[in-house]
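A short write-up of the structure that comes next.
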Amino acid sequence: MQFVQNFPFMTIILSLFSGPLSSILDGKKAKRVNLAVMSVITVMSCAVLVFVLNSGSSYVYTMGHFPAPWGNEIRVGILEAFMAVFFCVIMFLCVVGGVYERERELEDTKQNLYYVMVNLLLSSLLTLIYTNDLFTAYVFVEINTISACGLIMIRQNGRTLEAATRYMIMSLMGSGLLLLGICFLYDLTGHLLMSNIREQVQLLHQSGTYNIPLLVSLALISVGLAIKSALFPFHAWLPDAYGYSTLSSAAILSSLVSKGYIFLLAKIFFRVIGFNIVRDSKVVNVLFVFGVAGMIMGSINAIRENNIRRMIAYSSVAQIGYIYMGFGLGTTAGVLASLYHVLSHAATKSLLFVAASGITDASGDNTEFLELTGAGYRNKLAGVAFTVGSLSMVGVPMFSGFISKLLFAQAGMESLHKMLPTLIALAISTILNAVYFMKTVIRIYTPVPQKLLQKKGFRSVSVKEQPYKSAALVFFIILNMLLGLSSEPVIRLLRSGLAMFS
């Protein structure tokens, strides 16, 4: 075994143990440690990606002295390595982009605790990506839940406490259903390692025994992870959680936390159950219906909003709907489109939250639309960044969102019975996206009379005044346009990784 093959396990452990280290440091030192750890983990993840690309095959890393089926394993392929790199980059940019707000909104005594939660969250996301053990995945799902809840409530005002409570209630409901599904699978197969479960599930399916318990297990797992990732109508916690938490918390929660659960669901579909069984089940039809409903209802709720951060939050409900609609198509092309949209949404939604923060900074910290008039002129970089993110969400060519919607349309054409609903839902959702995003862009570029500017206390914000946020915005814009203009290499990588995945 080459030394680089140890890196996935080392990145999980490094992130996991940097949390307790941050807890004994002051805020500034904890920030330096956190950024340094994320940088090292990103470099190590890149090395793993290069290794699996060169080798052309996945590998299994056994932890401890016990082999399968009793031991615990990490499985690393192209898809896992690429997702790890992408998640680390997004996490780093979100943390860097929110430095100014964290130092202003959080008490000095809580700065280090924030980085404890970030480290635990990154560790859980990496574990969900790499683990080949279903119960280990469940344990780190709960670590993910606890750390995400901490990121929401760390400001400790009434809104965030209420949002954290809602999030915990809904998330624990999803966790309970997930655990029940895992218990049923263990009872049916006698295994917890994903590859061993897959072998037994295929034998059960071929023999025609225990089909109903297997379907129930698949349904419980799917619904549990759908609840945790805020699929409509299980999204009630999301607007307040994203709208009133700190900037970096909202960006991380919207771009990464729900995507970790979605990636785990994809692993269960392909590596645990087998996509042929999932496709034959009725579960995909349910996911398709709720996905389409989420695309429409999330956008309608976003149009009704008068608060820019809550509007972006409701937009996330719609985008999660896109991903589940792709899964619901029951085709490899649909899953490929969903995985690409995971990348697109992560890059774009974090960009929108950071840009919205820059816009509100120039508007006296007001988040109501009327108060944001002309903010694009007062903070030029934030205005451009928000426009780029908006165009991407609408699906304008050159940006990542266009590629996502194109892939969904192509995948829908392959499904005879779901083609028309898919294309209609894409068209309606795109129109609704344009309504609320372009309305906001027009608002921030509507000039304001000079005397009204002084009366409201608006101010100009320069790039030099907020260097960390400005750097994060520039990198997010570049990342979004790379996904939009150079999508073919990414699609090929996802396709080969998905083939290796199963």
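The values are calculated or read from the model by the stated rules, or taken from the named source; none is laboratory data. Note that the coordinates shown come from a computational prediction; the quantities given were computed from them, not determined experimentally. Every residue, glycine among them, receives a Cβ derived from its backbone with ideal geometry; neighbour counts consider all protein chains shown. Quick note on the areas: whole protein, heavy atoms, side chains included, nothing else; ligands and nucleic acids left out. Shrake-Rupley method; radii C 1.70, N 1.55, O 1.52, S 1.80 Å.
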Rg to Rh, two decimals, where segment 254-410 supplies the alpha carbon set and Rh follows Kirkwood: 1.04
Can you give the Rg and Dmax of the chain based on its C-alpha atoms, in angstrom? 21.9, 79
Tell me, what is a quarter of the convex hull surface for the C-alpha atoms of segment 63-165, in nm² with one decimal? 8.0 nm²
Amide H within-cut-off set for Tyr445, under 5 Å, with H built and near neighbours excluded: Gly374, Gly376
Averaged over all directions, how much area does the convex hull of the C-alpha atoms of segment 365-498 cover when projected, in nm²? 10.2 nm²
Exposed loop GluC sites (Glu not before Pro) only (DSSP loop, at most 16 other Cβ atoms within 10 Å): please give the longest stretch of the chain free of them, not including the sites. 108-413
Under a point-charge model restricted to the Cβ atoms of Lys and Arg (+1) and Asp and Glu (-1), what is the dipole moment magnitude of segment 105-185 relative to its Cα centre, in debye to the nearest 20? 140 debye
Once a ≥ b ≥ c are taken as the square roots of the eigenvalues of the Cα gyration tensor of segment 235-331, is the result rounded (a/c under 1.5), prolate (a/b larger than b/c) or oblate (a/b not larger than b/c)? oblate
Quotient of C-alpha Rg and 2.2 N^0.38 Å, computed over segment 8-122: 1.22
What angle, in degrees between 0 and 90 and rounded to the nearest 10, separates the Cα long axis of helix 258-267 from the longest principal axis of the Cα atoms of the chain? 20 degrees
Under unit Cβ charges (Lys, Arg +1; Asp, Glu -1), what dipole magnitude, rounded to 20 debye, does the chain have relative to its Cα centre? 1120 debye
Percent of accessible area on the chain owned by carbon and sulfur, 1.4 Å probe? 68 percent
Cα centroids of segment 196-219 and segment 261-320: how far apart, whole angstrom? 25 Å
Evaluate the Debye formula for segment 151-213 with equal point scatterers sitting on the alpha carbons, no solvent, and hand back log10 of I(q)/I(0) at q = 0.24, 0.30 Å⁻¹, in q order, two decimals. -0.94, -1.15
Any idea of the accessible area per residue across the chain, 1.4 Å probe, to the nearest Å²? 36 Å²
Measure nothing fancy, just the Cα-based angle from helix 7-23's long axis to the longest principal axis of the chain, in degrees from 0 to 90, nearest 10. 50 degrees
Could you work out the Kirkwood radius for segment 4-74, taking every pair of different alpha carbons, averaging 1/r and inverting it, reported in Å? 13.9 Å
Counting residues in segment 159-296 as N, plug N into 2.2 N^0.38 Å and put the Cα Rg over that result. 1.15
On C-alpha positions alone, give me the angle between the axis of helix 419-444 and the longest principal axis of the chain, in degrees, nearest 10. 30 degrees
